[in-house]
Amino acid sequence: MGILNVTPDSFSDGGEFVEAAAAAAQAQRMVADGAVLVDVGGESTRPGAEPVALDEELRRVEPVLERVAGELPVSIDTSKAAVARRALELGARFVNDVTALRGDSEMATLVGEAGVDVCLMHMQGDPRTMQDDPRYDDVVSEVKAFLEDRLGFAIAAGIAEERIWLDPGIGFGKTVGHNLELIARLEEIAALGRPILVGVSRKRFIGEFSADREAGTVAANVLAFERGASMFRVHDVAPNAGALALAAATFR
Ligand code: HH2
């Protein structure tokens, strides 16, 4: 999954793809490099980020979706049902909701009726304050219990189980140690029986080990693959696609 942030303030690529033509070119490049989805987002969820109003989020993503969603496989990274609805009208086929359907009471019905895939992600708190002092007794079992609960909610709301992806939410209300523990024990979350998406790309915990965050991203994705992840949300598609193809070819 290639990341396309149409925001002025995303932590890594903020401001780079605000112009619709540049964003569309980047989407084309990511698909050519091996992305199976281009994840378009108009609201940064980096630590400390303030929420974005509906009008502003639509203003950011619509011109890009108009150019790419009919032609390329697109997911919409939003927690607002109105943004997701517009994206689906324009051809998006996947809803990436970092609130796991808790942010907007209309989201679950929309996704169920549209019959598209959805990713449910774990987050402790909200982006504004989530990194202030995240705490868990056992991060893996708490994230797993949350995802199991949200999976049940989604199915009860009418979303087909086979449409649902789960994501431990790396960096969302988690210390470096929590992120490492989640990657180390990802099999426990994969045991829920749904495919796992991970988003480690260039995140701060990678910088603790590798000044080159791209190299660390590739390593973390390969480790997550070995422990059961099957979708990898990344800024730089080519190195990750290559490393994961090699990892898959040696997987026993
Ligand atoms: N991480 C970010 C945004 N959306 N979605 C899923 N499913 N999983 C993630 O880990 C995830 C996500 C944050 O990264 P990014 O989009 O690069 O930055 P920002 O939120 O600042 O736009």
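The values are calculated or read from the model by the stated rules, or taken from the named source; none is laboratory data. Small disclaimer: the values here were computed from a predicted structure and weren't measured. FYI the Cβ positions are ideal-geometry reconstructions off the backbone, even for glycines, and counts take in every protein chain you see. Surface accessibility is based on the protein's heavy atoms, side chains included, excluding ligands, DNA and RNA. Shrake-Rupley method; radii C 1.70, N 1.55, O 1.52, S 1.80 Å.
Here is how the numbers come out for the structure above:
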{"read-out": "Failed condition for residue 229, given (1) open to solvent by less than 30 Å² (accessible area, probe 1.4 Å); (2) without any contact (Cβ under 8 Å) to a residue 40 or more places away in the chain; (3) small (Gly, Ala, Ser)", "value": "(2)"}
{"read-out": "Number of the condition not met by residue 96 [criteria: (1) surrounded by 15 or more Cβ atoms within 10 Å (Cβ to Cβ); (2) away from the ligand (no atom under 12 Å from the Cβ); (3) closer than 23 Å to residue 62 by Cβ]", "value": "(2)"}
{"read-out": "Qualifying positions in segment 38-59 - within 11 Å of the ligand (Cβ to nearest atom) and on the phi < 0 side of the Ramachandran plot", "value": "39, 40, 41, 42, 43, 44, 45, 46, 47, 49, 52"}
{"read-out": "Qualifying residue in segment 114-123 (condition: of a type outside the set (D, E, K, R), modelled with pLDDT of 95 or more and on the phi > 0 side of the Ramachandran plot)", "value": "yes"}
{"read-out": "Single match in 147, 197, 151 (criterion: in a strand (DSSP E or B) and in contact with a strand residue (DSSP E or B) (Cβ under 7 Å, 6 or more places away or on another chain))", "value": "197"}
{"read-out": "Hits in segment 160-194 (condition: under 19 Å from residue 39 (Cβ atoms), part of a loop (DSSP other than H, G, I, E, B) and touching a helix residue (DSSP H, G or I) at 6+ places or on another chain (Cβ under 8 Å))", "value": "168, 169, 170, 171, 194"}
{"read-out": "Subset of segment 168-195 [within 11 Å of the ligand (Cβ to nearest atom) and open to solvent by 10 Å² or more (accessible area, probe 1.4 Å)]", "value": "171, 172"}
{"read-out": "Of residues in segment 115-146 being open to solvent by 50 Å² or more (accessible area, probe 1.4 Å) and within 14 Å of the ligand (Cβ to nearest atom), the one farthest from residue 11 (Cα to Cα)", "value": "124"}
{"read-out": "Residue list for segment 196-222, restricted to those being open to solvent by 40 Å² or more (accessible area, probe 1.4 Å), within 15 Å of the ligand (Cβ to nearest atom) and over 20 Å from residue 27 (Cβ atoms)", "value": "204, 213"}
